[in-house]
Each structure stands twice: as C-alpha cells, then as structure tokens.
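Read the figures in this text as sums done on the coordinates, not as results from a lab. All figures in this text were calculated on a predicted structure; none of them were measured in a lab. All Cβ positions, even for glycine, are placed from backbone atoms using ideal geometry, and neighbour counts span all protein chains on display.
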Amino acid sequence: MHKGKGMKFVGDSRISAERKSTIPKDYSEYPGRTEAFWPNFLLKEWLVGAVFLVGFLTLTLAHPAPLEGVADPTSATYIPLPDWYFLFLYELLKYQFASGPFVLFGILILPGLAFGGLLLAPFLDPGPGRRPHQRPVAVAMMLLAVVSVIWLTYESSSHVDWEQRAEANKPIHPDESVVDQDDPGFAIYESNCMSCHGDNLQGTQMGPSLLETEHSAEEIATIAHEGIGDMPAGIFQGSDEELDKLVEFIVKTKEESQK
C-alpha cells in the first residue's frame with residue numbers, strides 16, 4: 001500500500017472483475033422505445049388477453065352457436081360445413097384455380113405460401129422500428145392475409161342461411177321423439193319421405209318440417225302425388241292404401257308433437 005495511491009489487491013484470474021447485477025436495467029433513459037419484459041410488457045399482454053376473453057365469452061352467451069343433430073352417416077341429404085375459422089379455406093376451394101384438377105394447389109400450395117410468408121415476415125423485414133411505416137413488408141403481408149381471410153369468410157357465410165340450417169338439423173333427444181316406429185305408416189314414410197323430411201319429420205335442407213305443416217290430410221295426399229314447390233311430382237311410389245297409411249301417420253305424428 002502506497003500512501004495516496006489507494007490499495008491494490010491481487011485477485012484470482014478465474015473470477016471476473018465485472019460484477020453483473022441481477023437487478024433489471026433502468027429503461028427510463030429510453031422513453032417510448034423499450035421496457036422490461038417482466039412485469040411491464042407481460043402484464044400488458046395479459047390485460048389485452050383478458051379483455052378479449054371477456055368480450056368473446058360475452059358474445060357467446062348473447063348469441064350461442066346452434067347445435068345440430070347427431071351425425072348420421074347414412075344421410076345423403078346433409079351438407080357438411082367446416083367450422084367458422086376454416087370457412088375461408090372452404091370458400092377458396094370453390095374457385096376454379098383451386099378446385100377440380102387444381103385442388104392440390106388450393107389445399108397445399110396457396111395455404112403453404114400464405115402461412116410460410118407470415119412465418120418469414122420477421123426475417124424479410126428485420127428493421128428495428130415498431131411503427132407500421134418502418135416495417136412495410138411485414139405490415140403489407142399481414143394486411144393482405146387479414147383482408148383475404150375476412151373476405152373469403154364473409155363470402156362463404158353469406159351464401160348459407162344459418163338459422164334455417166340449424167332449424168333443419170337441430171338435435172332431437174330420443175326421449176323427445178314423437179315418431180312411432182311401430183306405426184304401419186312409418187315404413188312407408190321411411191322409404192318415400194325420410195331422405196328429404198328427416199327421420200323425425202323435423203325437415204332437412206332438402207325439405208321442410210312436416211311437424212309444422214298447415215296442409216290438411218287431403219292436401220298432403222295430393223302433394224305426395226303431384227308435388228309442390230321444389231318437390232317434383234311422382235315422389236311417392238305406392239298404392240292408394242299405402243298412401244292413406246302414410247297420410248294418417250304424418251297427421252297423427254304432427255298432432256302428437258303439438259300436445
């Protein structure tokens with residue numbers, strides 16, 4: 001030790017001379033640019049997620065999605081649709097360039113390019129700025145993806161009458177069924193009418209509900225032979241006696257459902 005010079009120590013060379021603090025850096029010298037991930041940034045993310053979750057739950061409670069009936073693999077009249085978040089891909093496959101002989105282009109190449117482009121966006125535009133005009137490539141790709149998904153989803157859903165579809169395919173619990181399968185008219189109904197009007201007369205996309213029909217027994221018999229609206233003539237194939245049993249079955253089942 002030398003007077004006025006301070007002390008000098010001989011240290012172990014294996015120990016770093018710089019002491020690294022575990023305390024997070026003070027970002028106050030960089031206002032508006034960056035912040036500590038924990039807890040500042042993560043707390044904001046949680047708050048935004050919580051607001052979105054509450055809003056989504058409120059929407060589902062105010063407008064619950066209608067349930068459809070139990071899947072019936074023997075039904076040839078049911079037209080399946082994907083869930084709402086896949087409707088844009090469903091609509092894409094309706095275009096000529098993505099369907100038919102080009103279906104692989106629609107189900108693999110186009111979606112692959114779209115999602116691959118979003119995956120590569122941060123690498124294609126690695127600028128440090130966070131404002132939209134400072135990240136033109138990434139922002140343009142994201143806007144193109146969002147607009148495409150929204151437009152295709154709207155186009156797909158606008159051609160579907162969702163209320164009619166839900167009504168035609170609403171679930172009917174076995175205990176709530178009013179159809180008497182032991183009735184002699186049920187077998188006739190099954191072979192002539194069930195494919196369009198459903199196994200419980202509830203109606204399908206191909207035909208209306210017979211439980212809510214306002215036609216009389218005589219009118220039902222006439223319609224079975226001559227047709228009405230989109231229903232062509234000659235659907236019923238059977239004798240007059242079978243027609244009487246069919247009409248009686250429909251009328252009785254309708255009355256039972258209205259009790």
Ranked output for segments 104-115, 125-136 by mean other Cβ atoms within 10 Å, highest leading, reads 104-115, 125-136
Against the 2.2 N^0.38 Å rule of thumb, the C-alpha Rg of region 174-257 sits at a ratio of 0.98
For 188-194, 117-123, 41-47, ranked highest to lowest by mean beta-carbon neighbours within 10 Å, the order is 188-194, 117-123, 41-47
